[in-house]
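The values are calculated or read from the model by the stated rules, or taken from the named source; none is laboratory data. The shown structure was predicted, so the numbers you read here are calculated from the model rather than taken from an experiment. For neighbour counting, all protein chains shown are included, and Cβ atoms are generated from backbone atoms with ideal geometry for every residue, glycine included. Note: areas computed on protein heavy atoms with side chains; ligands, DNA, RNA excluded. Shrake-Rupley method; radii C 1.70, N 1.55, O 1.52, S 1.80 Å.
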Amino acid sequence: MEIEENYLYTKEHEWVSIEDNIATMGISDYAQEALGDVTYVELPQEEVEVEQFEQFVSVESVKAASDIYAPMGGKVTEVNRKLEDTPALINKDCYGKGWIAKIEVRDMDESTNLMSAEEYRNYLESLGA
Amino acid sequence: MELIFEKSVESRRGFCFGASDVPTQASIPSKYARKEDALLPQVSELDVVRHYTLLSQKNFSVDTHFYPLGSCTMKYNPKFTEALASLPGFRDLHPLLAQLAGGERWTQGALQVLYELEQWMCEMTGFKNFTMQPLAGAHGELTGIMLMAAYHKSKGNTQKKYVIIPDSAHGTNPASAALAGYETVSIPSNKEGGMDLEALKAAVNEKTAGLMMTVPSTYGVFEPNISEIAKIIHSVDGIMYYDGANLNALLGRARPGDLGFDVMHVNMHKTFATPHGGGGPGAGPVGVNEKLSRFLAISRVVKRDDGLYALDYDYPESIGYIASFYGNFAILVRAYGYVLMLGREGLMDTTNHAVLNANYIMKKLAPYYKVCFDRICMHESVFSAKVQAARGVHAIDIAKFLIDQKIHPPTVYFPISVPEAIMIEPTETESKQMMDRFIEKMIEADILSQRDPAAFSKFPMTMPVERPDEVKAARDVKTSFFLPAVTDAA
Amino acid sequence: MNPYITNTPQEVKEMLKTIGVENIDALFGDISSAYAPQSFDLPKGLSEYEVMRHLTELSLKNNVHVVPFIGGGYYDHYIPTAVSSLSTRGEFYTAYTPYQPECSQGTLQALFEYQSAMCALTGMEVSNASLYDGGTALYEAMMMAIRTTGRHRVIMDGGVSPIYRKIIKTYTHHLSYQFEETPVVHGQSSREEIYRLLDKQTAVIILQNPNFFGAIDDLTDIIEKAHSVGALAIVSVYPISLGLLKTPADMGADIVTGEGQSLGLPLNFGGPYLGFMCTRKKYIRKMPGRIVGETVDSKGQRCFVNTLQAREQHIRRDKATSNICTNVSLCALQAAIFMSIVGKNGLKEMAQLNLDKAEFAKQLLSKIKGLEVKRSAPTFNEFTIHLPQDASGVVAAMMQRGFAAGFPLGRYYPGMERYLLVAVTEKRTKEEIERYAKALQEVLN
């Protein structure tokens, strides 16, 4: 199970990477593997305001549908349109080309509610992964 | 095999309507007229007959194969019930005839079928009234939950917000509750396959609108604490909903109405042997006790003082119309004939032998597959292929192995709370010889999983097609002949 | 007695021994005696021929010998014999939902063909594999539009079947949607009223063509207006009429539903029927119900599977696009066979026959004194007449003369007690229509 060291993680297996006040997010390697081949990503609308841990995306595979939650609250500034035609990017490169959305962070303190890579690794172990 | 559209030849025809015998030749004003013809196939009747006959041969069915599909109850569908539904007096009867002034006189036979079937359903389940209208089990569920909502509204129970559903429930339960505007709360099961009472007590409060339960559960286990559960739910004025998916395990042994339930639906094909038709049509009549009776859908069929059966719409508190007419009548006629033929003893026999057969298979397979709940089961049993999965052979692989053995696979991966679930329901109509053959094949699968687990990835090998690429189907959507083919983007 | 149980007494004994219990009752030990039925009083069983005789007698108490001029959305069309001989083949008739594609290619391909034929008929890009009936399909379409737009206001044209409107009312009664109903003016949808109500909160406008009164319309202008405020448009259609009428796709509809009974299904006293739904490809993931898709197997051969299942209740549970599980697959199969046999040219001819015969009936009826054939809008095979007296009484009198004369509109439209809805299908002969007109004249004078 690959875990990107410099990212932060949620208990619902989203990752987030914050640069300046822009949070880029996607789902973790654990999540993409649990889902299997991703067949569809229902992207959020740009400009929409989301709260931290609010459901704002869903990802589908053949046999499952998974809600994705915003790791940080704020305004959605950009979504990864490439996923519309090539949802498999999430399976191939979940921490890179498979990013889902960028959020303009409203309150940087919310990041304290997230796990570091180390904490996430321990969390996965506690799940028996 | 080619699509019927690909067999089309310009100007070929399969049917002649004959010349018009009226002098009129009308046309649609061009503003309202179709611009291009609908591109339906142009084929002969023989083309059509061959095409669909050959297609039918690509199916497994109860008529041709053993179908031990747990929770779906694929029992034999007696042929005479098809003849009943084809009687011209039923088949050609226009539903609006009954709604004309005095129309009951022209539809007495059909109304009598509906009326008497309602009486029998009440007697079999311990309820006061039934509506025959719901067009399938899930439709019955939604109807039942709307009755629940109507009850709470009439009582001024405005705080009711949640419907409690065990984790072993069919997906239709939470989906139906959500459609009716409720949120759902999931309750885990205990080690015996029953409901975790402590978890239930913790979840129940003034906001609880009701509980939806399948008894026996989808684990094939009768709920021993049912009275206690009903008491807990009723203590907050909640409604007890019985999902009739497994009613076939209880005929003559227990009645939902006596067990403390307030409302239920019946899946007619499961208990009363109506055909499943490759996914429907079904019928999902809904029964209620005194508490909910006045909210039942209209129309209702009544027997008047003059002895005539009639439609009655005069129930001011009714939830209203839930379907266009009086239910899937042609399905209900089949069920009526089935009940009439089997009678009291015959119906009880269906339950007895369904449970006997299920236990026989469970006992025989227990040494090879992990039984979820090691006890006498009801009409179906749930195994986990955990042991086989550890060898690299999953429930789905065993399913595909069985297809090559000309046996329809059991239900796999349901209930979702059981890893690698294999759910087996032989039904009362299968012979011991057939079950023995199935058992033998299941044992073979276990042995093969030890000897050559890799072999499973090739199964099935004897069917017209091998394992389909479902990921491609979902990514490159092609759901009509007329949609352009999608080239593989990946 | 139960002839469908095959276990012999000897086998029962062996099986009980294997299980390790004394008798069958012991298998029910979990059900405490406190739960024993308070009563289980059902008739004694009968033989197959006794049941046949009883039900034949009951069926004869229904009057199917009157000549039908009654429609209301459900029509007496001819069904080619091959439809039932093929659809009642056990391999189709006794199969389950095709969850195991390798042993269900027959059902799956037939449903794919059904979806394709529905697309051809309506002009839409995609179709699902069926819903229960026309009324519940319209409700599902409305919910789909609400989900898609995220808006909660619904405008419903008064020309939509009153039966469908009643169904929708039941399902939405306890939900917080805002409903507006618009009147029918001169037989057609009231543009003025619809345009007044359409706003940026509107999720959907629901229309029907031909409408319940039989009038046909070109709804393009209304649909354009709906789109201009971001609302969707649903059109409920009568499939046979599409042999001649402008397609809902050409009018710009987003979702098309309807009752498919006319596509080869018997009247069956109300069911089973066939609810169909088509939409644009971009909305396919919002669509309820099963959908069959094409793919390839591991050898690269074309095959068919249930697809986009992540929308459905067995995966998404309370967040599914609908609670539907069992649909009406066998009815969809019947429709697929019907559309294949009738074919491209046959459908046009069938529709033309319906139109011609209805126009012939209009001609004859308009000669009857005191009877007015409503002509404010063109019609297909059903039209409205105004009578000098209450239509219910006329229908009862006509019944005595051997005709189901039509459907009195007063049943669902208060104030229209003197209006009768008359349907004429391809099956009505010139002679029947003439006798009908004559009988009506006698009843009225």
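The listed residues C:Glu11, B:Glu36, once ranked by accessible area (1.4 Å probe) with the largest placed first, stand as B:Glu36, C:Glu11. Rounded to whole numbers, the Karplus 3J(HN,Hα) couplings from phi for the stretch A:27-44 are 10, 6, 4, 4, 5, 5, 6, 5, 6, x, 4, 6, 10, 6, 10, 8, 7, x Hz, using 6.51 cos²θ - 1.76 cosθ + 1.60 with θ = phi - 60°, and x at Gly and Pro. Considering only Cα atoms, the convex hull volume of chain B works out to 216 Å³ per residue.
Cross-link partners of A:Lys97 among lysines, defined as those whose alpha carbon lies under 20 angstrom from its own and excluding same-chain residues fewer than eight positions apart: A:Lys82. Applied to the stretch C:93-102, the Karplus parametrisation 6.51 cos²θ - 1.76 cosθ + 1.60 on θ = phi - 60° returns per-residue 3J(HN,Hα) values of 5, 10, 8, 8, 3, x, 7, 10, x, 4 Hz, with x for Gly and Pro. Counting only protein heavy atoms and using a 1.4 Å probe, the accessible area of C:Ile31 comes to about 20 Å². Here r is the Cβ-Cβ distance between B:Asn205 and C:Glu372 and R0 is 56 Å; the resulting FRET efficiency, rounded to 0.05, is 0.35. Ranked from largest, the principal axis spans of the Cα set of the stretch C:283-442 equal 71, 39, 31 Å.
Applying the criteria of a DSSP loop state and at most 11 other Cβ atoms within 10 Å to the trypsin sites (Lys or Arg not before Pro) of the stretch C:195-231 yields C:Lys200. Temperature 4 °C, viscosity 1.567 mPa s: under these conditions the Stokes-Einstein estimate for the protein assembly as shown, based on its Kirkwood radius over C-alpha pairs, is 43 µm² per second.
With helices as the sole contributors, chain A gives -4500 deg cm²/dmol at 222 nm; each DSSP H run of n ≥ 4 counts as -39500 (n - 2.57), and the sum is divided by every residue. The Cα center of the stretch B:292-342 and the Cα center of the stretch C:119-174 differ in position by 25 Å.
The simple Förster model, with R0 at 51 Å and r as the Cβ-Cβ distance, assigns C:Lys430 and B:Asp258 a FRET efficiency of 0.25.
If you plug the beta carbon distance of B:Ser30 and A:Asp67 into 1/(1 + (r/R0)^6) with R0 = 60 Å, you get a FRET efficiency near 0.75. Each stretch of four or more DSSP H residues adds -39500 (n - 2.57); spread over every residue of chain C, this sum gives -11500 deg cm²/dmol at 222 nm. The H on the amide N of B:Thr274, modeled in the peptide plane, is under 5 Å from the matching H of B:His269, each at least 5 residues off or on a different chain. Per-residue mean of foreign Cβ neighbours for B:411-420 is 1 (Cβ atoms of other chains, 10 Å radius). In the stretch C:9-30, burial by the other protein chains removes 50 Å² or more of 1.4 Å probe accessible surface, compared with the chain on its own, from C:Glu11, C:Met15, C:Thr18, C:Ile19, C:Ile24, C:Leu27, C:Phe28, C:Asp30. Note that the stretch A:50-60 has calculated 3J(HN,Hα) couplings of 10, 8, 4, 6, 7, 5, 9, 9, 9, 10, 10 Hz, one per residue in order, obtained from phi through the Karplus relation 6.51 cos²θ - 1.76 cosθ + 1.60 (θ = phi - 60°); glycine and proline are x.
Maximal additional length on extending the C:Lys166-C:Arg280 stretch stands at 38.4 nm, based on 0.36 nm per residue less the C-alpha distance.
Projected label points at C:Asp221 and B:Ile416, each 7 Å from Cα along the beta carbon direction, are separated by 4.9 nanometres. How many percent of the accessible area of the protein assembly as shown is carbon or sulfur, using a 1.4 Å probe? C and S atoms contribute 48 percent here.
Stretching the chain fully between B:Ser86 and B:Val302 yields a gain of 75.3 nm (0.36 nm per residue, less the alpha carbon separation). These residues, B:Lys79, B:Lys7, B:Lys432, go from largest to smallest accessible area, 1.4 Å probe, as B:Lys79, B:Lys7, B:Lys432. On full extension, the segment bounded by C:Gln301 and C:Leu444 gains 44.9 nm, given 0.36 nm per residue less the C-alpha separation.
Annotation: for a label point projected 7 angstrom from Cα along Cα→Cβ of C:Lys44, residues of the stretch B:308-350 with backbone N closer than 13 Å are B:343-346.
According to the Cα-based calculation, Rg over Rh for chain C is 1.04, with Rh computed by the Kirkwood formula. Kindly list the residues of the stretch A:91-106 that lie in the label zone of A:Glu78, defined by a backbone N under 12 Å from the point 7 Å along the Cα-to-C-beta vector. Only A:99-104 fall inside the zone, counting backbone N under 12 Å. Looking at chain B only, what percent of DSSP beta bridges run antiparallel? Nearest 5 please. Around 55 percent of the beta bridges assigned by DSSP in chain B are antiparallel ones. Note on B:Ser431 and B:Asp452: the model spin-label points, each 7 Å out from Cα along the C-beta direction, lie 3.1 nm apart. Note on the stretch C:369-387 and the stretch A:33-82: Cα centroid distance 55 Å, given to the nearest whole angstrom.
Peptide B:334-341 has a mean of 5 when you count, residue by residue, the C-beta atoms of other protein chains within 10 Å of its C-beta. Sort out for me the Cα centre separation of the stretch C:196-233 from the stretch A:86-112, rounded to whole Å. About 40 Å separates the Cα centre of the stretch C:196-233 from the one of the stretch A:86-112.
Annotation for A:Ser111 and B:Glu198: the two label points, set 7 Å from Cα along the Cα-Cβ direction, are 4.2 nm apart. Counting Cα-Cα pairs of the stretch C:81-339 in 10 Å increments starting at 0 gives whole-percent bin shares of 7, 32, 36, 19, 6, 1, 0.
Take each residue of peptide C:391-397, count the partner chain Cβ atoms within 10 Å of its Cβ, and average: the result is 3. For the protein assembly as shown, the share of DSSP beta bridges that are antiparallel, to the nearest 5, is 65%. Chains B and C together bury some 17400 Å² of accessible area, summed over both sides, with a 1.4 Å probe. Helices in chain B, meaning DSSP H runs of at least 4 residues, each add -39500 (n - 2.57). Divided by all residues, the mean residue ellipticity at 222 nm is -10500 deg cm²/dmol. What the Cα convex hull of the stretch A:8-106 gives, in volume per residue, is 79 Å³.
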